[in-house]
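Structure record follows, encoded as structure tokens.
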Amino acid sequence: GAGVSQTPSNKVTEKGKYVELRCDPISGHTALYWYRQSLGQGPEFLIYFQGTGAADDSGLPNDRFFAVRPEGSVSTLKIQRTERGDSAVYLCASSLYAVGGGTEAFFGQGTRLTVV
Amino acid sequence: DAKTTQPPSMDCAEGRAANLPCNHSTISGNEYVYWYRQIHSQGPQYIIHGLKNNETNEMASLIITEDRKSSTLILPHATLRDTAVYYCIVRVAISSGSARQLTFGSGTQLTVLP
């Protein structure tokens, strides 16, 4: 596709359940980012991939959160034992490179996660 | 990455230029200035970025002061569809040992009035 695609667009889950959020970046983009945005706040960084490896996961709030990008393209954000405080819009972005030229990041529309 | 300061909100009349200021007094020599905007219920949208020189594209112009401590995003002819939160972000560009993610602040809520 032409842009970053995130699925599902909405996800409602019960407290304690496991969820997976998927991100399809722009083809050929080497860098991929996950952000979380709560109502009325700016996006908050979670994790950044360069290729297949997580280059910076300092934003992950705790060990319930994990993300993978096994083939350097599609990424999955995984949340175990969800809590109501995990409710937010989860945004994915990709950029051609991480440094130098071509570093502008393009965002998907996000997945709205609601934990009830 | 350096911290940025933006006014929380601004209004602009439709058809007029919108000038959005940003202070980044602690910016380093290897940091770019990026601007993004977020229209309600959408993901952030890249607008423009620059290092030292002024930049212009089809969406906007970016004016960076000579000392690089502040910048202004200019939307030359604002429309109602430009109503959004505008984020100014400084981000390391060339240092291999530094974080490369965008760090968003609270941004400026621009409201374009008919």
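Each reported figure results from applying straightforward, stated rules to the coordinates on display, with no laboratory input. Here the structure is a predicted model, which is why all the values come from computation and not from measurement. Cβ: placed from backbone, ideal geometry, glycine included. Neighbour counts: every protein chain shown.
Structure summary
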| item | result |
| --- | --- |
| For B:TYR32: the one exception among (1) more than 30 Å from A:ASN10 (Cβ to Cβ); (2) in a strand (DSSP E or B); (3) in contact with an Asp or Glu (Cβ under 7 Å, 6 or more places away or on another chain) | (3) |
| Boolean, A:GLY110 is at positive phi and within 14 Å of chain B (Cβ to nearest Cβ) | yes |
| Residues of segment A:78-95 that turn out to be touching an Asp or Glu at 6+ places or on another chain (Cβ under 7 Å) and hydrophobic (A, V, I, L, M, F, W, C), as a count | 1 |
| Segment B:13-38, residues that are more than 14 Å from chain A (Cβ to nearest Cβ), within 18 Å of B:ALA84 (Cα to Cα) and within 16 Å of the chain's Cα centre (by Cα) | B:ALA17, B:ALA18, B:ASN19, B:LEU20, B:PRO21 |
| Filter result (over 15 Å from B:PHE104 (Cα atoms) and out of contact with any Phe, Trp or Tyr (no Cβ under 9 Å at 6 or more places or on another chain)) within segment A:26-49 | A:SER27, A:GLY28 |
| Candidates B:SER70, B:SER41, B:SER106 - the one that is away from chain A (no Cβ under 14 Å), small (Gly, Ala, Ser) and surrounded by fewer than 21 Cβ atoms within 10 Å (Cβ to Cβ) | B:SER70 |
| Test: residue in segment B:53-60 that is in contact with a Ser or Thr (Cβ under 8 Å, 6 or more places away or on another chain) and within 14 Å of chain A (Cβ to nearest Cβ) | yes |
| Residue count, segment B:2-20 (criterion: hydroxyl-bearing (Ser, Thr, Tyr) and either surrounded by 12 or more Cβ atoms within 10 Å (Cβ to Cβ) or more than 27 Å from B:VAL92 (Cα to Cα) (or both)) | 2 |
| Residues of segment B:55-64 satisfying the condition of being out of contact with any Asp or Glu (no Cβ under 6 Å at 6 or more places or on another chain) and surrounded by 13 or more Cβ atoms within 10 Å (Cβ to Cβ) | B:GLU55, B:THR56, B:MET59, B:ALA60, B:SER61, B:ILE63, B:ILE64 |
| Test result for B:SER106, within 13 Å of the chain's Cα centre (by Cα), within 19 Å of A:GLU44 (Cβ to Cβ) and among the hydroxyl-bearing types (Ser, Thr, Tyr) | yes |
| Subset tally (residues that are away from chain B (no Cβ under 12 Å) and out of contact with any strand residue (DSSP E or B) (no Cβ under 6 Å at 6 or more places or on another chain)) for segment A:9-53 | 9 |
